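The values are calculated or read from the model by the stated rules, or taken from the named source; none is laboratory data. It should be emphasised that the depicted structure is a prediction, and the values quoted were computed from it without experimental measurement. Neighbour counts are summed over all protein chains in view; Cβ atoms, including those assigned to glycine, are modelled from backbone coordinates with ideal geometry.
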Amino acid sequence: MTPDDEPGRNNAGKPVAIVCLSGGLDSCVTAALAAEEAELALLHVSYGQRTADRERLAFDRIADFYRVPADRRLVAHIDYLARIGGSSLTDRGIAVPDAPDSGPTDGPPSIPNTYVPFRNTHIISIAVSWAEVLPADRIYLGAVEEDSSGYPDCRRPYFDAAQRLVDLGTRPDTDVRLMTPLIDLSKAEIVRTGIRLGAPLHLSWSCYRNTDVACGECDSCRLRSRAFEQAGESDPALSPPDAR
């Protein structure tokens with residue numbers, strides 16, 4: 001077997017990486033990091049969220065930016081998460097709350113109603129199935145623990161457990177690694193990393209409520225705006241639509 005024939009590598013000998021790309025800030029920067037060392041395969045999951053169409057548009061634009069071919073783009077629909085409900089992102093009967101006035105605290109964060117129960121496990125399962133077929137030897141996820149909203153499936157222990165499941169549940173000759181390069185970074189550090197890498201931050205979308213103009217008040221909007229402020233940068237996504 002030549003290096004070009006090794007599992008998880010393309011015919012140029014470059015590793016293939018699946019990036020779980022929601023279209024948000026964190027996943028956009030994660031794609032930029034993965035692109036430095038691998039050929040990209042991009043996975044987008046629609047789960048019945050309020051802003052599904054706008055997130056899909058962000059995914060398509062970022063995929064175009066990185067010139068990812070059609071056969072390396074997978075859009076999966078798991079709308080059953082909306083039928084299960086339990087989250088303001090999928091149930092329009094539950095209001096998306098404004099972000100709390102204070103920033104992250106030293107204590108354990110409460111879990112907001114924007115948490116979609118066990119969502120990342122569904123996304124990882126799809127990514128691992130695709131990784132076995134491509135093949136790809138790594139899966140990148142833009143999870144952030146330190147400056148996140150307190151979601152339990154964005155913590156390092158969760159991904160350590162998920163990796164063990166991947167190891168047990170795939171073929172013996174499969175070696176798929178879950179990569180979470182942003183997990184210990186603050187949002188400001190993520191912004192700086194994205195700018196350093198030339199990530200298309202202007203194409204990303206973070207708002208939980210709106211699909212035209214970001215609301216600026218939900219937790220995701222506030223985390224994003226605070227991150228750009230702390231990084232000493234302006235958010236390019238807030239420029240007028242005709243300027244983007």
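Miscellaneous remarks
- Output for segment 135-157, where each listed residue is crowded, with 22+ Cβ neighbours inside 10 Å and part of a loop (DSSP other than H, G, I, E, B): A136, L141, G142, A143, V144
- Among residues of segment 49-67, those that are of a type in the set (S, T, Y) and over 12 Å from S22 (Cβ atoms), counted: 1
- Which numbered condition S186 fails, given (1) farther than 21 Å from A17 by Cα; (2) of a type outside the set (D, E, K, R); (3) crowded, with 20+ Cβ neighbours inside 10 Å: (3)
- Subset of segment 1-57 [in a helix (DSSP H, G or I), charged (D, E, K, R) and at pLDDT 95 or above]: D26, D53, R54, E55, R56
- Of all residues in segment 150-185 being under 26 Å from P112 (Cβ atoms) and of a type in the set (S, T, Y), the one that is farthest from the chain's Cα centre (by Cα): Y158
- Residue among R171, R164, R192, R196 that alone is more than 27 Å from A237 (Cα to Cα), modelled with pLDDT of 95 or more, not hydrophobic (A, V, I, L, M, F, W, C) and not in a loop (DSSP other than H, G, I, E, B): R164
This table checks each residue for (1) closer than 19 Å to R61 by Cα; (2) small (G, A, S); (3) touching a Lys or Arg at 6+ places or on another chain (Cβ under 6 Å); (4) surrounded by fewer than 18 Cβ atoms within 10 Å (Cβ to Cβ).
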site: R171; (1), (2), (3), (4): no, no, no, yes
site: M179; (1), (2), (3), (4): no, no, yes, no
site: L182; (1), (2), (3), (4): no, no, no, no
site: R196; (1), (2), (3), (4): no, no, no, yes
site: T211; (1), (2), (3), (4): yes, no, yes, yes
site: C218; (1), (2), (3), (4): no, no, yes, no
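- Qualifying residue in segment 181-200 (condition: closer than 21 Å to F65 by Cα, free of Cβ contacts under 8 Å to residues at least 40 places away in the same chain and acidic (D, E)): no
- Any chance E229 is in a helix (DSSP H, G or I) and surrounded by 18 or more Cβ atoms within 10 Å (Cβ to Cβ): no
- For segment 57-103, filtered to residues that are surrounded by fewer than 13 Cβ atoms within 10 Å (Cβ to Cβ) and of a type in the set (S, T, Y), the residue that is farthest from the chain's Cα centre (by Cα) is S102.
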